[in-house]
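The values are calculated or read from the model by the stated rules, or taken from the named source; none is laboratory data. Remember, it's a predicted structure, so these values are computed and weren't measured experimentally. Cβ coordinates were reconstructed from backbone atoms using ideal geometry, including for glycine residues, and neighbour counts include every protein chain displayed.
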Amino acid sequence: MKGAWTLKIYVGSLVEQRQNPPFECASAPPIELGRAMCKRACRSGSCEILLEMAEFRRDLAGGWAAEDGSKALLVEIASTAILVSLYQKKAGEMLIRRRRALWNAPKKSARYDTLRNRVGFLQVELGDPGLGSTYDLFFVVLSAGERYRYAPISEATRTDEIYVLPRFGASFFDAAVGGDDDDAEEMRLEEQAGLRPLVPYRRSSPEDASFLKSMVEGKKF
């Protein structure tokens, strides 16, 4: 049902509150939902979006610059989504413009000990919704141990210590027909054009972030 009510989502010590959420819930208002209850109660999946946003550190939003100076990355937190934009500096081209990104928190009980399971990352779909390959952005710090080069960030990690590692993820067609299929490979190369090489990003200056946001919004100087 819809009405004038507040949805409270508890994720750790963080509480997300939304007035008049744009989705239907099976519980009568007002409601307070934990993660498991929220998954069962909300039908449209929008509740999951809020959970993702609640787990994403707010100070990770803003500008990030490729270490080789080739690209600039902008992460924005909108009312109901995390948005990612990518700008190629030399060509003056927007490679990604405000695409919705899904936050994937580290999987502490994952069966396989991989970077994708150990580290939190934003996943941006490049092609058609539900079909395209992905541009995955892993938020990491340099590891002090010998086993791994990178380690997950913590709540106490400063943003100037963070590296954002870009990686490509498989598309629906890759999974369905295999990565060696000619059509799937052609689609993947087209979607990923301009995004290579995969160079780590570091926190950019506020001025760079402001410039990138102006480019994304189409403002002229």
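Here are the numbers for this structure:
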{"read-out": "The one condition in (1) in contact with a helix residue (DSSP H, G or I) (Cβ under 7 Å, 6 or more places away or on another chain); (2) of a type in the set (D, E, K, R); (3) modelled with pLDDT of 85 or more that K107 fails to fulfil", "value": "(3)"}
{"read-out": "Residue list for region 197-209, restricted to those being charged (D, E, K, R) and either over 16 Å from K90 (Cα atoms) or at pLDDT 90 or above (or both)", "value": "R202, R203, E207"}
{"read-out": "Neighbours by Cβ (under 9 Å, 6+ apart or cross-chain): first from region 137-165, under 21 Å from L198 (Cβ atoms); second part of a loop (DSSP other than H, G, I, E, B) and of a type in the set (S, T, Y)", "value": "F139/T157; V141/S154; V141/T157; R149/S143; Y150/S143; A151/S143"}
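Results for (1) touching a helix residue (DSSP H, G or I) at 6+ places or on another chain (Cβ under 9 Å); (2) of a type in the set (V, I, T); (3) assigned by TED's automatic domain parsing to the domain that holds R202; (4) surrounded by fewer than 17 Cβ atoms within 10 Å (Cβ to Cβ), shown as yes or no for each residue.
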{"residue": "T114", "(1), (2), (3), (4)": "no, yes, yes, yes"}
{"residue": "R118", "(1), (2), (3), (4)": "no, no, yes, no"}
{"residue": "Q123", "(1), (2), (3), (4)": "no, no, yes, no"}
{"residue": "D136", "(1), (2), (3), (4)": "yes, no, yes, no"}
{"residue": "L142", "(1), (2), (3), (4)": "yes, no, yes, yes"}
{"residue": "T159", "(1), (2), (3), (4)": "yes, yes, yes, yes"}
{"residue": "I162", "(1), (2), (3), (4)": "yes, yes, yes, no"}
{"residue": "A170", "(1), (2), (3), (4)": "yes, no, yes, yes"}
